[in-house]
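Everything on this sheet refers to the single structure shown next.
Laboratory data are not the source of any read-out in this text; all were calculated from the coordinates shown. Please read all numbers here as calculations on a predicted model, not as lab measurements. Here the Cβ positions follow ideal geometry from the backbone for every residue, glycine too, while neighbour counts run over all protein chains shown.
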Amino acid sequence: MNILFIVNSAALGVGLAMDAFSVSLANGLREPRMGRARMCAIAGVYAFFQYMMPMIGWLCVRFIVGVFSYLEKMIPWIALLLLLLIGGKTLVEGLQERKEGEDNTGRQGLSGAELLIQGIATSIDALSVGFTIEKYGFVMANTAALIIGAVTFFLCICALKIGKKAGTRLSWKASVLGGCILIAIGLEIFIKGML
């Protein structure tokens, strides 16, 4: 391992974390009173999945290439479905909140199931990173995945903070915007995966 390996892994982490960054921004908008522990838990879930997916891809390429080839075709569909479901739900909640009034004190936070689905949906494209690191041994592949996870964690914390600040000013519009962002990310992953 050298400095170039670390820089390349960090750059890969930034690229892979953009979906998680955008979803974190939407979550911060949706829940402007989120505390530090919750922010760390949310960013930690995204970082965990961004770490795990390249390692799963690496294992698949190393040991079960046939299964991974089949899964790779399904990645855009899975991400689209998951993010459309969550984004649609968030959008509907924002529109219901608008009808009920602009008081966001009762705004519901992200549930554990929604967070897991978001974590999987935003990191599923990282499975293909297993192809790019397949020549690495376990230690180097694990180190690259850890760097990707750390970069994701940092960027998601930043996005949550930005979203929280904007969310307190936007009221119900934050949920609508957050839902639209999730749907747009799902469509973007789908379109990129199909090209």
Of Ser128, Ala43, Gly149, whose Cα points farthest to the positive end of the dipole of the chain (charges on the beta-carbon: +1 Lys, Arg; -1 Asp, Glu; origin at the Cα centre)?
Ala43
Using label points projected 7 Å from each Cα along Cα→Cβ, tell me how many nm separate Phe5 and Cys180, to one decimal.
4.5 nm
What are the ³J(HN,Hα) couplings of the stretch 128-138, residue after residue, when phi is run through the Karplus curve with 6.51, -1.76, 1.60 and θ = phi - 60°? Round to Hz, x for glycine and proline.
5, 5, x, 5, 6, 10, 5, 7, 6, x, 4
Taking the stretch 8-194, the lysine pairs whose C-alpha atoms sit under 20 Å apart (8 or more places apart or on different chains) add up to 8
Sum -39500 (n - 2.57) across every DSSP H segment of at least 4 residues in the chain, then divide by the residue count to get the 222 nm mean residue ellipticity, nearest 500.
-29500 deg cm²/dmol
In cubic angstrom per residue, the convex hull of the chain built on its Cα atoms measures 106 Å³
Quick check for me: using +1 on Lys/Arg Cβ and -1 on Asp/Glu Cβ, what's the dipole size of the stretch 8-194 about its Cα centre, in debye to the nearest 20?
400 debye
Quick check for you: which residues of the stretch 105-149 have the amide N under 18 Å from the point 7 Å beyond the Cα of Lys192 toward its beta carbon?
118-133, 145, 148-149
Which whole-Hz couplings ³J(HN,Hα) result when phi for each residue of the stretch 25-36 is put into the Karplus expression 6.51 cos²θ - 1.76 cosθ + 1.60, θ = phi - 60°, listed in order with x for Gly and Pro?
4, 4, 5, x, 5, 6, 10, x, 9, 4, x, 4
